[in-house]
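See below for the structure under consideration.
The values are calculated or read from the model by the stated rules, or taken from the named source; none is laboratory data. Note that the structure is a prediction, hence the values are computed from the model and not measured. Don't worry about glycine lacking a Cβ; one is built from the backbone with ideal geometry, like all the others, and counts go over all protein chains shown.
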Amino acid sequence: MARYFFDVRNGKPPLHDDEGAEFDSVDAAVQAAARSAAEIGTNRLAKGDTSHVVIEVRDEQNQRVCTVTASMRIERHGPSQQGPHSWSA
């Protein structure tokens, strides 16, 4: 098993992963990064935050193996019944 590190950028100071996690393959690490980005994006969307989430996956040699970007956008059409920050988590 190889260790991969997920560095997260989501509109806040970047989170540098110093611990990492072990995966059977690079594909498994990429899938985990995609699930994590989707989860972070979904949680942020529920709070009205539609900015994108970027997870960079590094291997044990500190080489970037992939970048996962998740973005969500809400487009309202017609008159709005509520203000832009009327979300509840």
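Does segment 12-33 hold any residues that are among the acidic types (D, E) and either under 16 Å from R73 (Cβ atoms) or part of a helix (DSSP H, G or I) (or both), and which are they? If you could, list the steps in order and put the result at the bottom.
From segment 12-33, those among the acidic types (D, E) are 17-19, 22, 24, 27; that's our starting set.
Listed by number, the list holds a single entry, D27.
Scanning segment 34-84 for residues that are polar (S, T, N, Q), modelled with pLDDT under 90 and in a loop (DSSP other than H, G, I, E, B) returns T50, S51, S71, S80, Q81, Q82. Looking only at residues of segment 1-48 that are touching a strand residue (DSSP E or B) at 6+ places or on another chain (Cβ under 7 Å), small (G, A, S) and farther than 15 Å from T67 by Cβ, we find that the one that is surrounded by the fewest Cβ atoms within 10 Å (Cβ to Cβ) is A21.
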